[in-house]
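Data block below; observations after.
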Ligand code: 6R9
């Protein structure tokens, strides 16, 4: 570990974290949102949201801010009419900002770049909207998008929004099975895909998965009508003339004129599938106005966006909700200039991300803890080779960020200048709910801090009563918010049962996460409640033990699960990735780490078993799939791996363990 990394400040455990980072004076002085907003929003929540809704262009204003007459079915800005695509492109062009860069697109192969202005985006969106209409897509029809991170993905989403056809974006890394089940569930009429995309330096095919998925849905009596195919890699594809249409044939020749229709505020905008703990994926439904208000407001407030000067880069895939809210809808509604990158962080070399930041002068950078920890593993030498002084704000999303990873991010990537906003939210919430405000909050590494102005959250016990400061419980949202999910596609009952019935309190949304309030009342999200362990009657959080492990100088990443144990009910099993400079960690590494956890948290948390591994099983958004590790820890056959970003990881772990590595 380098001298600069504050190992001597290593914490005992999360609750004893005492480092604080005040907002830089300059940022505080010019901050978009000030401390007064908290009280203002709390005193009249609806007025506050109505004020935020003024950021959008409306064809017709709403009659009522919130209709909550039939909870949990909310209507926001009822009576209003607008078009999401118009808000994301046309109005910027009409305001004279057509020449402004919307995207600096960076392909994975070196020197494969494109620059797209707002005027060009508007033309592309109009052409694609005309082409989709020509293919038979009508308002209300669903369109699936299965594409790599190329500009056409954004264009296709906005073209759907423009004609009022809800899109469902399926992550390009998902299998044909996953695609087939989503196509069937939402009965998609058209699929937009490409021949392939680039990953880790090589073209990888996408179209065959669509062909397979179509064959599978046909077995269930459902068929997609058309497949619109972007040529990206030039690889060979099978072709069915009755179904397949090239994008360059249908879109390139289409007219750039498209008069957009204005839709009801509650018109469905998209369905995004997210895995449930059991059973089939849930189709989260978001509607137009509330979602757009939520994503635009939070992008402006939490990232302190100054559209004239900032260059924003969110590294999420467009197939994840973060890509929807913080690449497409929020930033584009705000007229931001962004970087959009097709590839992996380490292709062709490990410094690729830092090089992009340097080259495009990125000022605001938003990524996931999993990425940060993998950079920590490689050491700070790689980012240190780049000038990243343009950065002024960093964000984190997807899982709890361990305090050590937060401090590394801030000091190595952010040059000890930049605030880090740890943003808690979900596919279901549509936009950021709990986060520091960069110009107001003194950040605590590892804490998402407080609900942002306009949002009401609590940590409650089993009875739904708020827990006192210093205690843990369940994270709930206690008031409706504009970008909330409206239902699960086609399943109102499951919607009510999953999110609104855990507590006997009308209108309490249960997020499924455990959290704790520290002595100041600030919120620490502890991960999914299903990931809480019970060891000899003590409830232990996986996050807490993982953070203790990551605070050891030799550890880069850790995943902890509870495995059945005859003596203690459950026992702590840890899977650990070492930092590169630690080599194999030495002969006593396992004992050293077990004792480290005992010292940091206590004997009760000392892992029964620690396994040193090369990789951890993660979803594409970086969430560790503990269910699979639990299978390994309990010597079971490993379960369904279809939502893993890399499904070979489990073989690697199992074989590494079998060979005693
Ligand atoms: C945006 C996104 C949602 C779940 C959520 C929680 C975890 C996300 C977090 C976080 C702690 C944060 N999560 N952000 N946990 N701190 N800052 O990730 O959506 O893919 O639906 O996942 O992710 O467990 O419930 P989604």
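What follows draws every value from the coordinates through simple rules; no lab data is involved. These numbers come from a predicted model, not from an experiment. When we count neighbours, we look across all protein chains shown, and the Cβ atoms used for this are built from the backbone with ideal geometry, even at glycine.
One Cα centroid belongs to segment 257-331, the other to segment 503-553; the line between them spans 27 Å.
Just the number, please: Stokes-Einstein D of segment 71-134 in µm²/s, Kirkwood Rh from C-alpha pairs, 10 °C, 1.306 mPa s. Before the final figure, lay out each step's value.
Details: Rh = 14.1 Å.
Estimated diffusion coefficient is 112 µm²/s.
Taken along its three principal axes, the alpha carbon spread of segment 349-481 comes to 53, 26, 26 Å, from the longest extent down to the shortest. Look at 594, 64 and count the other Cβ atoms within 10 Å of each Cβ; fewest to most, that gives 64, 594. Translational diffusion of the chain, estimated by Stokes-Einstein from the Kirkwood radius over alpha carbon pairs at 10 °C in a medium of 1.306 mPa s, is 63 µm² per second.
A full extension of the chain between residue 599 and residue 308 corresponds to an added length of 99.8 nm, given 0.36 nm per residue minus the alpha carbon distance.
Relative to the longest principal axis of the Cα atoms of the chain, the long axis of helix 288-302 lies at roughly 50 degrees.
How far, in nm, would the chain grow between residue 249 and residue 112 when pulled straight, counting 0.36 nm per residue and subtracting the alpha carbon separation? Provide the component values of the computation, followed by the final result.
Numbers: separation 137, 0.36 × 137 = 49.32 nm, distance 2.23 nm.
Taking residue 249 through residue 112 to full extension adds about 47.1 nm, to one decimal.
Per the Debye formula on identical point scatterers at the alpha carbon atoms of segment 26-69, with no solvent, log10 I(q)/I(0) at q = 0.23, 0.31, 0.34 Å⁻¹ is -0.90, -1.11, -1.17. Taking the inverse of the mean reciprocal distance over all distinct Cα pairs, the Kirkwood hydrodynamic radius of segment 131-212 comes to 12.9 Å.
Across every direction, the projection of the convex hull enclosing the Cα atoms of segment 361-437 has a mean area of 5.1 nm².
Once the Cα atoms of helix 649-658 and of the chain are each reduced to a long axis, what angle between those two axes, in degrees from 0 to 90 to the nearest 10, is obtained? Compared with the principal axis, the helix lies near 20 degrees. Full extension of the segment from residue 591 to residue 257, taken as 0.36 nm per residue of separation minus the current Cα-Cα distance, would add 113.4 nm.
For the residues 557, 342, what sequence is obtained by ranking on other C-beta atoms within 10 Å, fewest first? Walk me through the numbers before you get to the answer.
Numbers: 557 25, 342 21.
Fewest-to-most Cβ neighbours within 10 Å comes out as 342, 557.
Compared with the dominant Cα axis of the chain, that is its longest principal axis, helix 207-219 is turned about 80°. Look at the alpha carbon pairs under 8 Å that are at least 6 residues apart: their mean separation over the length of segment 541-661 gives a relative contact order of 22 percent.
In nm², what is the average projected area of the convex hull enclosing the Cα atoms of segment 20-100?
Working: hull surface 35.3 nm².
Mean projected area for segment 20-100: 8.8 nm², to one decimal.
Mean separation of Cα pairs under 8 Å and 6 or more residues apart, divided by the residue count, gives the chain a relative contact order of 14 percent. Mean residue ellipticity at 222 nm, helices only, the chain: -7500 deg cm²/dmol; runs of at least 4 DSSP H residues each add -39,500 (n - 2.57), and the sum is divided by the number of residues. Here segment 54-195 is described by how far its Cα atoms reach on the three principal axes: 53, 44, 28 Å, from widest to narrowest. Over the C-alpha trace of segment 546-608, radius of gyration and Dmax come out as 11.7, 38 angstrom.
Projecting label points 7 angstrom from Cα along Cα→Cβ for residue 73 and residue 219 puts them 3.6 nm apart. Note that segment 511-661 carries a Kirkwood radius of 15.9 Å, evaluated over its alpha carbons pair by pair. Of interest is the spacing of the C-alpha centroids, which for segment 164-186 and segment 57-122 amounts to 23 Å.
Expressed as a whole percent, the proportion of Cα-Cα pairs in segment 395-461 lying more than 14 Å apart is 57%.
Short-range pairs are left out: with C-alpha atoms under 8 Å and at least six residues apart, the relative contact order of segment 21-119 is 16 percent. Per the Kirkwood definition applied to all pairs of different Cα atoms, how many angstroms is the hydrodynamic radius of segment 211-329? Computed over Cα pairs of segment 211-329, the Kirkwood hydrodynamic radius comes out at 18.3 Å.
Over segment 120-162, the Kirkwood radius and the radius of gyration, each from Cα atoms, give a ratio Rg/Rh of 0.94.
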